[in-house]
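Step one of this worksheet: look at the structure below.
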Amino acid sequence: MLAEPLTLIQGGEALSALVPVYNADDSFWGLLSVVIDIKKLFKSVNLEKLDNNYRIAIRGKNGLGELGEFFYGDKHILELHPLSFSVSVASGKWQLYAVPRFGWEPEVAAVWPFRLALLTIILLFIAAFIFFNKLIKQLHDNAQTLTSMGSLAEVGAWSVDIKTRDISWSDVTKHIFEVSDHYQATWMSSTEFFKEGKHRRNFQHAIEQAIKHGTSFEEELIILTAQGHERWILMKGKANRYKNWTYEIFGSVQNIQTRKHMEIEHDKIARNNELLAQLSSHDAVLNNHIDSAQNVVVDAICQGLDASRASIWVFNAERTLLIPSCFSNTRQDNLKHFPPWRKSNLAELFSQVQKNQLLKAKFAHSHECTLGLSEHYLGPFEVNALLGCAITYKGQIIGLLCAEYALPNPDWGHSDGRFIRAISAMLGSLFASQEQQKAK
């Protein structure tokens, strides 16, 4: 569709052609807009030069031909009985009118140049619009390719009209934020998708700087999707400005969850390996000072697993109780305030430990293994998630090492499981050495 000549914010007039773009499944993706400077178009067909000797006028806004409004020349040309020519344009027609400035009773020698000039204009218009249509088709094909590539790479587009505050999201952007195809973003709802805290502040600051100063930005941020999933995105933005005023912000958003998880896992592995090296060379561990070594272990668990606190529990001889042996920031003589965990109340938990399987209670108050701890342990000590690993030595289960979290649903990865298993194995060796020393 060819829209009427529009007045641009930056000055001048232009023609705007809108071309629909569809996804591979024939669903509507959006519109491709092509803008052509109308002065340059008229100059390319020598219309202004011809206007020196002839009265020229064009009507047909929005491709309506004789029914459309005039957008070039004087509409009163119709009173002079002009010659009229129809020019086909995208999605319609223009009507071209021409009258010689010397009137309709010139010398015969002057009429033929006039007719040739009009014929030349028409041919140039036709050539210009053939090129214009080819350009639109090429841009349409490129848009289809970019749409497919964007879907595969999970890169979406967005834009904000600063004056109206209208926000536009592409289908891929809606997919990343997990909203419906008919979802219409607003200024407030868009902000609330970003995780509260530094991520939301960074987003708001980037938008503010783009509006005030036209500053481009590129930020890695965490969003909470409409389905409640945390997701890392890479958000880029640029500003369109007229003089010192920003009238539009636009950019892209990419789902980088997989890449970011790989980076986080890599960083965790490097950090945890360093913690394990420090722990294995600590004096308390090397000299088998069990009480001091346990304190070092729970500190390492809190640091390596980003836990709120950590605890160590040891089986009694009958394996019916898990007795507290160490807690974060707790003196040994205060352990009596922590009641033991009983097999009779925690059959699922004891079974999990005996099988030497990791205990992953992301929602501890409702998990089958830790539900029985809710009233007497989880609630009083504000524990909402728990990662546990059996303490073993040569296949024998000695106890349980726990990383405890104040917030539910931690994002545990493979490196977290390997780290707590390595610490548990070290603890098992320490407890076994202690028993051997007692036996001597």
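The values are calculated or read from the model by the stated rules, or taken from the named source; none is laboratory data. All figures in this text were calculated on a predicted structure; none of them were measured in a lab. Quick reminder, even Gly has a Cβ in these numbers, built from the backbone with ideal geometry, and neighbours come from all protein chains shown.
Remark: residue 389 falls outside the filter, which requires a residue to be under 41 Å from the mean Cα position of the chain (by Cα) and either under 15 Å from residue 308 (Cβ atoms) or of a type in the set (D, E, K, R) (or both). Out of 409, 384, one residue alone is modelled with pLDDT under 95, within 30 Å of residue 270 (Cβ to Cβ), in contact with a strand residue (DSSP E or B) (Cβ under 9 Å, 6 or more places away or on another chain) and of a type outside the set (Val, Ile, Thr). It is 409.
Please work out which residue is surrounded by the most Cβ atoms within 10 Å (Cβ to Cβ), limiting yourself to region 419-437 and to residues that are without any contact (Cβ under 8 Å) to a residue 60 or more places away in the chain, under 18 Å from residue 356 (Cβ atoms) and not polar (S, T, N, Q).
428
If the condition is being in a helix (DSSP H, G or I) and either modelled with pLDDT under 90 or under 15 Å from the mean Cα position of the chain (by Cα) (or both), then region 175-203 contributes 175, 176, 187, 188, 189, 190, 191, 192, 199, 200, 202, 203. Does any residue of region 325-334 turn out to be without any contact (Cβ under 8 Å) to a residue 60 or more places away in the chain, touching a Gly at 6+ places or on another chain (Cβ under 9 Å) and under 29 Å from residue 265 (Cβ atoms)? No; the residues of region 325-334 include none that is without any contact (Cβ under 8 Å) to a residue 60 or more places away in the chain, touching a Gly at 6+ places or on another chain (Cβ under 9 Å) and under 29 Å from residue 265 (Cβ atoms).
Residues in region 347-362 that are out of contact with any strand residue (DSSP E or B) (no Cβ under 7 Å at 6 or more places or on another chain) and surrounded by fewer than 19 Cβ atoms within 10 Å (Cβ to Cβ): 347, 348, 351, 355, 357.
Whether any residue in region 132-143 is assigned by TED's automatic domain parsing to the domain that holds residue 93, under 22 Å from residue 254 (Cβ atoms) and modelled with pLDDT under 95 is what I want to check. Yes; the residues of region 132-143 include at least one that is assigned by TED's automatic domain parsing to the domain that holds residue 93, under 22 Å from residue 254 (Cβ atoms) and modelled with pLDDT under 95. Comparison of 390, 317, 364 shows that the only residue that is in contact (Cβ under 8 Å) with a residue 24 or more places away in the chain and not in a strand (DSSP E or B) is 364.
Here's the yes/no breakdown for (1) more than 20 Å from residue 408 (Cβ to Cβ); (2) crowded, with 17+ Cβ neighbours inside 10 Å:
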site	(1), (2)
217	yes, yes
223	no, yes
229	no, no
235	yes, yes
242	yes, no
249	yes, yes
255	yes, yes
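Could you tell me whether residue 333 is modelled with pLDDT under 90, in a loop (DSSP other than H, G, I, E, B) and not aliphatic (A, V, I, L, M)? Against the criterion (modelled with pLDDT under 90, in a loop (DSSP other than H, G, I, E, B) and not aliphatic (A, V, I, L, M)), residue 333 does not qualify. There is no residue in region 416-434 that is part of a loop (DSSP other than H, G, I, E, B), under 15 Å from residue 309 (Cβ atoms) and in contact with a strand residue (DSSP E or B) (Cβ under 7 Å, 6 or more places away or on another chain). Is one or more of the residues making up region 214-227 of a type outside the set (A, V, I, L, M, F, W, C), free of Cβ contacts under 8 Å to residues at least 12 places away in the same chain and outside the structural domain of residue 416 (by TED's automatic domain parsing)? No, there is no match, as no residue in region 214-227 is of a type outside the set (A, V, I, L, M, F, W, C), free of Cβ contacts under 8 Å to residues at least 12 places away in the same chain and outside the structural domain of residue 416 (by TED's automatic domain parsing).
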